[in-house]
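J.: Sending over a structure as structure tokens; questions will come in a sec.
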Amino acid sequence: MAFQKFWNAFFFYLSTSSTIFHTLLSFFLKTNWDLVFFKLPDTLVALYFRLCGLSPCTVDVDDQTTMHFWTANHRRFDKPGLVLVHGYGGNSLWQFVCHVGALSRNFNLYVPDLLFFGKSYTNRLDRSEVFQAKSVVDGLKRLGVDRFSVYGLSYGGFVAYRMAEMYPETVEKVVIVSSGVVWTDEQKDELLKVESDALEILLPRSPHDLRLLMNRSLYKYDVFKWVPDFVLGRLIKANDEHRKERMELLEHLVAKKQDSNLPILTQETLIIWGDKDKVFPLFLAHQLQRHLGSKSKLEIIKDTGHAANFDSPDTINALIKSFALDGYPPNIIGIPMEVK
């Protein structure tokens, strides 16, 4: 009897160990470790956003469109709202990682992922910046946000401009950084002629494309200088979601004709540009200021490329605070109130 109990216990533990071993083996063999490894930085940046007082949330703006936002944990009514609209090069996490720490001290921040970036998605076929703008504002309204200023970067500048145009009672002030909103058809054709591979490298398929994109965007840094090609190749593969839809966004932006009746914004607008921008040359900044007129102001940052958010984030943060907080009480700006 004792011998039989021993063998029963032995075979039970043996079968249990075998099941656990095969389960773990199956997990390790089936898991896409490239995806896990290359998504880890996203997780770390998301943790930083949380430390800055932001939390992720997802809202359905209609039956076919979902918008993802990072929003202030505890909205303070003595702080103004500021919406950060990212550009084409990635989701909101990476493009604003150098901004949220400084700006969250003075603003209630709302940071959307544009459609087909991050966790925002639609089944609709509209690929215009107008639809992007409407989706962002509709999502904000569902979050109870009905008054804010907006900062748009590169492609996000096109979206921010439309937000301000379509919702003048909602958008207080506008900041546009490195965005060729007013380029003419001739200027667009000329720029694409000079940079004939522009569309392809914005959706890199190879390490060469990715290095070229970074070299054209950044002036001060060569971020992938010491990164091997095989690592960049796997990075591209891990971030290849919604490639088709993103290309359609680009094709729409390039194919659409110049809006000869582009409305002049009623809001005060701050234009920020790097003097070394290779994507949208500096003359487009002056062109935008002439279009907007007396309610606009242009700030040119020296030794800064197209990705001014990485080349000169501290300067941008200071300019945004000075501009968007103008008219608010000193304690919001960070200056202690004088006690009488």
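The values are calculated or read from the model by the stated rules, or taken from the named source; none is laboratory data. Model, not experiment: these values are computed from the prediction. Remember, those area values only see protein heavy atoms, side chains included, never the ligands or the DNA or RNA. Shrake-Rupley method; radii C 1.70, N 1.55, O 1.52, S 1.80 Å.
J.: Could you rank L212, L44 by how accessible they are, 1.4 Å probe, largest area first?
T.: The residues order as L44, L212, largest area first.
J.: Could you tell me the convex hull volume per residue, in Å³, taken over the Cα atoms of segment 33-325?
T.: 126 Å³
J.: What do you get for Rg/Rh of segment 221-295 when both radii come from the Cα atoms and Rh is the Kirkwood radius?
T.: That ratio equals 1.11.
J.: Extent of segment 207-252 along each principal axis, from alpha carbon coordinates, in Å, largest to smallest?
T.: Cα extents, longest axis first: 33, 24, 12 Å.
J.: Ignoring ligands, DNA and RNA, what accessible area per residue does segment 33-325 give at 1.4 Å, in Å²?
T.: Normalised by residue count, the accessible surface of segment 33-325 is 46 Å².
J.: Ranked by accessible surface with a 1.4 Å probe, highest first, in what order do W183, W273 come?
T.: Descending order: W183, W273.
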